[in-house]
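The values are calculated or read from the model by the stated rules, or taken from the named source; none is laboratory data. It should be emphasised that the depicted structure is a prediction, and the values quoted were computed from it without experimental measurement. We place every Cβ from the backbone using ideal geometry, glycine too, and count neighbours over all the protein chains shown.
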Amino acid sequence: MKNIYNYKLEELEKILIENNFKKYNASQIYDWLYQKRVSSFEEMTNLKKELIDFLNTNFEFNNMSVLKKEEDADVKKYLLNLNDDNTIEAVLMFHNYGNSLCISTQIGCNMNCAFCESGKLKKIRDLEASEMINQILVIEKDLGIKITHLVLMGIGEPFDNFENVMKFIEIINHPKGINIGSRHITVSTCGITPKIIKFMEINKQVNLAISLHAANDELRSSLMPINKVYNINNLIGTIKRYIETTNRRITFEYILLKDVNDSYESALELSKLLRGLNCYVNLIPYNETKNKFKKSDKVMEFYDTLKKNKIQVTVRREFGSKVSAACGQLRSNSKE
Ligand code: SAH
């Protein structure tokens, strides 16, 4: 049976019309799902009995549940259980500008980045749009808050699950859906360039972040196997095209790993690579896990070198090292 949260409003309208119901019934259903937040069709009290029967016969609700929660003052980390007993993570961060949720897009990940905990568990399957939506709904309900910002930076590679991710964005962005503004949504990719072009063509005003982590092919390929398929030249060329076409600024994420990519020379190399691009670099202090990589102690030096070279740069605020905040850590710890 299909999950009811997997439908865009127009898709639901079409199905209802084809089954001799009214187009406006779709808006009513959306209102129950996304505004009133009910968890069964019986609760949709303004619908006719025939329609409730039709919905019950053809669609199901998600029953995602909270398996584990780790909390700090400024961060809540959730391990969530899916219908098929797979688990995923979502992390809520309280910022001064709002409540930002980091969601997962796949169960596991096939990108196999050397420093990343998520890739230790291979991809089992893609998440459906409904399962991404329910990360928001379950956590808003659990905490009684409204999520204002969304980052697709949890477990998985969003552009390796392109169609479902695009559908998800459309549903949550819709005024009758959860209504999170495009500019408050950020998709992060390891750099699958054909999908960056597709994303550009759809042009949703959604922010795009690229996990770069190295400014030369030798180092980047050793950290991120995807670079052997889409190398830096290909990636930067694609980003130039993206910026020219959309007029939007790009974020480059750069994890600082001790003695790997944090030298003065690395900072110069990165500055040279990005010179003249409408972008900024988000330096990420590494969250240590059980692998060989260590957190850099040269974050501020690296920052200063980029600044001096006229690259816009920020340092990501560190959240909850107490709560196994490294990407995929909660899930991989729970599997040991
Ligand atoms: N696959 C996508 C999105 C998920 S990863 C991507 O690659 O962008 C989200 C970000 O977290 C990436 O920049 C990733 O490199 C980073 N990340 C992974 N493990 C980390 C760790 N242990 N500490 C800090 N950042 C990490």
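Here the condition is being among the acidic types (Asp, Glu), touching a Phe, Trp or Tyr at 6+ places or on another chain (Cβ under 7 Å) and in contact (Cβ under 8 Å) with a residue 40 or more places away in the chain; of GLU89, GLU128, it holds for GLU89 alone. Check segment 305-321 and report whether any residue there is at pLDDT below 85 and charged (D, E, K, R). Checked segment 305-321: at least one residue is at pLDDT below 85 and charged (D, E, K, R).
The set of residues from segment 275-284 being within 11 Å of the ligand (Cβ to nearest atom) and either touching a residue at least 60 places away in the same chain (Cβ under 8 Å) or surrounded by fewer than 16 Cβ atoms within 10 Å (Cβ to Cβ) (or both) comprises just one member, ASN282. For segment 38-70, a residue qualifies if it is part of a loop (DSSP other than H, G, I, E, B), modelled with pLDDT of 95 or more and surrounded by 13 or more Cβ atoms within 10 Å (Cβ to Cβ), and the qualifying residues are VAL38, MET44, LEU47. For segment 169-222, a residue qualifies if it is among the β-branched types (Val, Ile, Thr), in contact with a Ser or Thr (Cβ under 7 Å, 6 or more places away or on another chain) and farther than 23 Å from SER100 by Cα, and the qualifying residues are THR193, ILE196, ILE197. Checking LYS122 against (1) more than 27 Å from ASN25 (Cβ to Cβ); (2) in a helix (DSSP H, G or I), which single condition isn't satisfied? Result: LYS122 passes all but (2).
Residue-by-condition table, conditions (1) surrounded by 17 or more Cβ atoms within 10 Å (Cβ to Cβ); (2) in a loop (DSSP other than H, G, I, E, B); (3) touching a residue at least 40 places away in the same chain (Cβ under 8 Å):
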{"position": "VAL260", "(1), (2), (3)": "yes, yes, yes"}
{"position": "GLU265", "(1), (2), (3)": "no, no, no"}
{"position": "LEU270", "(1), (2), (3)": "yes, no, yes"}
{"position": "PHE293", "(1), (2), (3)": "yes, yes, yes"}
{"position": "ASP297", "(1), (2), (3)": "no, yes, no"}
{"position": "PHE302", "(1), (2), (3)": "yes, no, yes"}
